[in-house]
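Enquirer: Here you go, one structure.
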Amino acid sequence: MRFLWRWLKRALVTVVLLVVALVAPALWVETTCRGTPVADNYQPIITEPDWQRPESRTLLTYPEWHIVHAYEDYAAVIAKGDPQDFGFLAAIGGFWSSLCDLSETSGNHGGFPGETKQMVYTIGVSFTAEMLAKAAYEETLGRIATWLRGPDQSPLDTLSARQAADYAAFLSQVPWYRWDFTADAGALDAGRTDAFRDRERAVALGIEYRVKAAYARVIAAAVEGVGHDQLRLRSIVRGLPPETLAQVPGVALIGTRPEGIEIETDRYAAYTLILQDLTARGTEIVEIAGNDDILLTVLSDDPDWPGALASMARQGQDDYRHLLLIPVSELGPTLRALDTGPARLEHVHDY
């Protein structure tokens, strides 16, 4: 009994330490990354409750996209190398350090809303746990499997890299819990050979995918219970006549206001493409969802960008990501300038 009790206490201590390690970054952000609230005198044009969004949400959508970008980086790394070549700790650190910068900045833009804060911390802790679990396996048993395999990738190394890339592309427009993880696990089983690395990948990734599939069903059910987020967005633009705007793919005309024309579009990655199309045609963006400031991410070969809220290297790439907060009125000139290079637009973060 003493032996069992001793090991039970050790297990409990381990669990407590693990929980503390997972929530510590959120506590750090909550206690040390507070911005000073500043009054915003901007008078919004779009004021309807269904279409006006808190301005700080443009900042606080980035943490979710950081996770998307981490999956993109991971796919790029394993397309040429092995999972242990990916910097799992760097991906975790980038999430929390950028969230700290964004939390501080949010003070000037309405603050960090409690509901959004809870969601961001939850996905941050989940992301941290996932990356730590993958690191623990890939840096030990996974690394041994690649040593036994040799320098050439196995068929399931190639397949899993393709699955990772497809998953990252999917996340740019659709919530993660709608991905068919069970199908990925089945594809691994169907495509494996008798090689040790393939058998190891089929087991290790198969377990990961099936666990995610079960978790996704829980999240999907929870989302159905509370309702989906609004998938459409309204903006005020000017510079193009209504008949021309109506022909732009993805744009629906709502009406004309003294300040410009009100349009409705999809959100997420689709909105970035629509903005690039509109501004290339000479459109000026007046307001988005009742706000006059917006976050965008830009990619460049330089590690620094003047005025960036945060800058970080991209894994698997030879460039850097910069988080920029600019007035909505400067979107048109900024996007047209980026069209000419050498820096490149990555994403415009709506609200």
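Enquirer: Exactly one condition in (1) at pLDDT 90 or above; (2) surrounded by fewer than 18 Cβ atoms within 10 Å (Cβ to Cβ); (3) in contact with a helix residue (DSSP H, G or I) (Cβ under 8 Å, 6 or more places away or on another chain); (4) of a type outside the set (Val, Ile, Thr) is not met by Pro37; state its number.
Expert: Here Pro37 clears every test but (1).
Enquirer: In addition: With the stretch 237-351 as the region, which helices (runs of 4 or more DSSP H) entirely inside it contain at least 3 residues that are of a type in the set (Gly, Ala, Ser), at negative phi and surrounded by fewer than 19 Cβ atoms within 10 Å (Cβ to Cβ)?
Expert: Of the helices (runs of 4 or more DSSP H) lying wholly inside the stretch 237-351, those with at least 3 residues that are of a type in the set (Gly, Ala, Ser), at negative phi and surrounded by fewer than 19 Cβ atoms within 10 Å (Cβ to Cβ) span 268-280.
Enquirer: Let me ask another. Mind listing whichever residues of the stretch 66-104 are in a helix (DSSP H, G or I), aromatic (Phe, Trp, Tyr) and touching an Asp or Glu at 6+ places or on another chain (Cβ under 9 Å)?
Expert: Phe88 - this is the single residue of the stretch 66-104 that is in a helix (DSSP H, G or I), aromatic (Phe, Trp, Tyr) and touching an Asp or Glu at 6+ places or on another chain (Cβ under 9 Å).
Enquirer: Tell me which residues, restricted to the stretch 105-151, are out of contact with any Ser or Thr (no Cβ under 9 Å at 6 or more places or on another chain) and not in a helix (DSSP H, G or I).
Expert: Result: Glu139, Thr140, Gly150, Pro151.
Enquirer: Name every residue in the stretch 221-277 that is within 23 Å of Pro49 (Cα to Cα) and of a type in the set (Asp, Glu), in order of residue number.
Expert: Glu224, Asp229, Glu259, Glu262, Glu264, Asp266
Enquirer: Give the stretch 26-59 a look and list any residue that's assigned to a helix (DSSP H, G or I) and within 17 Å of Val328 (Cβ to Cβ), or say none.
Expert: Arg57, Thr58, Leu59
Enquirer: Which one of these does Gly93 not meet: (1) surrounded by fewer than 19 Cβ atoms within 10 Å (Cβ to Cβ); (2) not assigned by TED's automatic domain parsing to the domain that holds Leu156?
Expert: Gly93 satisfies all of (1) surrounded by fewer than 19 Cβ atoms within 10 Å (Cβ to Cβ); (2) not assigned by TED's automatic domain parsing to the domain that holds Leu156 except (2).
Enquirer: A follow-up question, please. Among the residues that make up the stretch 234-244, is at least one of them under 30 Å from Asp293 (Cα atoms) and free of Cβ contacts under 8 Å to residues at least 12 places away in the same chain?
Expert: Within the stretch 234-244 (the criterion being under 30 Å from Asp293 (Cα atoms) and free of Cβ contacts under 8 Å to residues at least 12 places away in the same chain), the answer is yes, since at least one residue qualifies.
The values are calculated or read from the model by the stated rules, or taken from the named source; none is laboratory data. In this text, all values refer to a predicted model and were calculated from it rather than measured experimentally. FYI the Cβ positions are ideal-geometry reconstructions off the backbone, even for glycines, and counts take in every protein chain you see.
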